[in-house]
Amino acid sequence: MVVAKFGGSSLAGAREYKRVADIVRKNKIPIVVVSAPGGKVKITDLLIAAVSRWRRSGKVDGEIFDAISDRFIAIARPLGVRVDTYLADIKAAINAGCGYDYAVSRGEYLSARILAEVMGYSFVDAKECIKLTASGAIDMRSIRAHIGAVKAPCVIPGFYGKLPGGAIKLLPRGGSDLSGAAVAAALNAQYQKWTDVDGIFDGHGGVMQNISYDEAELLCYFGATVVHYEAMKLLKNAGASLTVKNTFSDSCGTVISKKRHDGWAFSSKNMYLGGNEAANHEAEILGGGLKIPLRIEALGNKKILIDGCGFSPLALKRILCYDGIDEVTVTAAIGNIPSDFMPQNRLVALDSGSIFYNRVRDKLTLT
């Protein structure tokens with residue numbers, strides 16, 4: 001069994017939908033999970049703008065929703081699919097106050113409807129199989145209990161699921177990857193992620209053919225954006241392999257499984273060092289989504305390395321009580337790290353690799 005997820009860049013227009021349909025047929029993929037159409041202007045961003053317009057004026061029409069309709073019609077019409085009724089329903093739902101999560105999820109919903117019709121596959125709404133806890137987290141126990149709703153061949157919209165009370169809830173941005181990983185894990189299936197790059201890069205010019213779950217988890221958290229960090233955890237727990245493949249090339253891609261990488265690789269991202277006062281707010285910082293908390297004693301009094309991905313600058317400023325914040329570059333490295341690879345100081349040595357920080361760069365100014 002194979003579950004394949006196609007991201008927004010793979011579904012940017014009618015030509016891309018045709019390409020995806022050809023890939024699915026050629027590889028006889030039985031279960032497909034899709035994102036909303038991407039491109040220079042993402043459908044998800046347009047839907048967010050539509051909800052913002054409704055909140056300000058109590059009505060959504062005109063330029064913003066016309067842009068949504070025009071994009072979907074331009075995709076669907078060359079494929080012989082009619083979406084007028086779906087678009088009218090989405091507009092009516094927003095104007096009726098359907099709520100942010102329901103409205104924004106309609107990009108994936110309609111994307112899946114279009115591809116299902118093109119393929120002749122069944123459409124399975126994510127709310128029938130992607131079950132969430134009361135806090136909105138993936139509930140694998142409930143997903144396994146409801147996975148019977150998935151009857152292959154089918155197309156499932158990503159990025160959202162259903163809360164215990166029945167309401168639609170969005171997953172974090174990039175959450176379609178979580179959807180695909182959850183379905184694959186529940187079915188003990190192989191997971192394929194089709195995107196616009198050849199695989200996971202090693203940081204020095206090449207694509208890795210094999211990498212272990214732990215290694216991928218480390219690299220994904222510290223800068224490798226190809227695979228969602230939480231998706232790796234789901235697949236690792238289920239022992240389900242993942243292959244990252246390029247929709248637009250014939251590259252072999254990267255296989256993520258128990259097999260470790262033969263060589264070395266690294267990835268980097270910018271994070272922040274909270275000042276002395278940050279230590280007094282560790283619970284608040286961790287509650288905001290930090291997955292790998294790191295303290296740096298060497299740089300002073302209980303400084304905490306904070307992931308900037310989940311925080312706006314204003315949120316960081318609030319959490320740190322207006323204390324100084326320094327921007328740093330954190331690098332994760334795996335494999336046999338050469339002696340001349342010295343970013344600066346090593347923070348943590350793990351079984352799957354090492355984490356380094358570079359010297360503090362220009363101080364981040366928050367206003």
- Message: When the residues of segment 150-172 are narrowed to those that are touching a Ser or Thr at 6+ places or on another chain (Cβ under 9 Å), surrounded by fewer than 19 Cβ atoms within 10 Å (Cβ to Cβ) and touching a residue at least 40 places away in the same chain (Cβ under 8 Å), which ends up nearest to Ser10 (Cα to Cα)?
- Response: Pro153
- Consider Gly205 against the criteria (1) outside any strand (DSSP E or B); (2) in contact (Cβ under 8 Å) with a residue 24 or more places away in the chain: it satisfies all of them except one. Which criterion is unmet? (2)
- Got a number for residues in segment 58-68 being open to solvent by 40 Å² or more (accessible area, probe 1.4 Å), farther than 19 Å from Ile114 by Cα and in a helix (DSSP H, G or I)? 1
- Message: Just the residues that are among the hydroxyl-bearing types (Ser, Thr, Tyr) and either in contact (Cβ under 8 Å) with a residue 40 or more places away in the chain or surrounded by 23 or more Cβ atoms within 10 Å (Cβ to Cβ) (or both), please, taken from segment 1-57.
- Response: Ser9, Ser10, Tyr17, Ser35, Thr44
- Message: For segment 227-284, give me each residue that is within 20 Å of Thr331 (Cβ to Cβ) and among the hydroxyl-bearing types (Ser, Thr, Tyr).
- Response: Tyr229, Thr254, Ser267, Ser268, Tyr272
- Message: Among the listed residues Ile48, Ile90, Ile31, Ile68, identify the single one that is under 17 Å from Phe159 (Cβ atoms), in contact with a Pro (Cβ under 9 Å, 6 or more places away or on another chain) and of a type in the set (Val, Ile, Thr).
- Response: Ile31
- Task: State the number of residues belonging to segment 90-124 that are over 15 Å from Trp54 (Cα atoms), more than 19 Å from the chain's Cα centre (by Cα) and not aliphatic (A, V, I, L, M).
- Result: 6
- Query: Which number in (1) under 18 Å from Ser352 (Cα atoms); (2) out of contact with any Phe, Trp or Tyr (no Cβ under 7 Å at 6 or more places or on another chain) marks the one condition that Ser268 misses?
  - Reply: (2)
- Task: Return a yes/no flag: does segment 321-339 have any residue that is under 30 Å from Ala238 (Cα atoms) and at pLDDT below 80.
- Result: no
- Query: Which one of these is of a type in the set (Lys, Arg), closer than 28 Å to Lys193 by Cα and assigned to a helix (DSSP H, G or I): Arg53, Arg25?
  - Reply: Arg25
- Unique match (being free of Cβ contacts under 8 Å to residues at least 60 places away in the same chain, outside any loop (DSSP other than H, G, I, E, B) and touching a Lys or Arg at 6+ places or on another chain (Cβ under 9 Å)) among Ala181, Ala186: Ala186
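The values are calculated or read from the model by the stated rules, or taken from the named source; none is laboratory data. Keep in mind that this is a model prediction, so the values were computed, not measured. No Cβ is skipped: glycine too gets one built from the backbone with ideal geometry, and neighbour counts run over all protein chains shown. The protein model used for the area step is the full one, side chains on, heavy atoms only, and it has no ligands, DNA or RNA in it. Shrake-Rupley method; radii C 1.70, N 1.55, O 1.52, S 1.80 Å.
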